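Remarks on the structure that follows.
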Amino acid sequence: MFKEFKQFIARGNVIDLAVGVIIGAAFTSIVKSLVSNIINPLIGIFIGKIDLSNLVLKVGDATFKYGSFINSVINFLIISFIVFLIVKAVNKITKKEKKEAGPTAEDYLKDIRDLLESKTE
């Protein structure tokens, strides 16, 4: 069982996933700091409050912390935009690598098909 576990951990996908999770957690803390220390005060200038997380709505005994929700939405939008930019850049790089890789098996099969069609005519 230890041998199987060792093989599982040594696989590239597991290590890549672990690195991605660690970097993602660190990136999330950076974005949270950006939102709470830079974006919220900037928004606070326009609405008159510095800390959005303190915005609450009380209805009876219920307290709705919509300011914290706004912070979470801003965090999500920033993180998703950065992930979009990263995926876009990676796709652009992989497309260039595919173009530079040369002919593929599919290209050879198309050539064979074309040669066979020209011989039958």
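Computed values, structure above
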read-out: Yes/no for Gly44 being at pLDDT below 80 and of a type outside the set (A, V, I, L, M, F, W, C); value: yes
read-out: Tally, over the stretch 46-67, of residues that are surrounded by 10 or more Cβ atoms within 10 Å (Cβ to Cβ) and part of a helix (DSSP H, G or I); value: 5
read-out: Filtered residue count, the stretch 74-108, keeping only those that are small (Gly, Ala, Ser) and at pLDDT 80 or above; value: 3
read-out: Residues within the stretch 102-121 that are among the small types (Gly, Ala, Ser) and not in a helix (DSSP H, G or I), tallied; value: 1
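The values are calculated or read from the model by the stated rules, or taken from the named source; none is laboratory data. The model shown is predicted, which means the values in this text are computed figures rather than measured ones. Every residue, glycine as well, gets a Cβ built from its backbone with ideal geometry; the counts of neighbours run over all protein chains shown.
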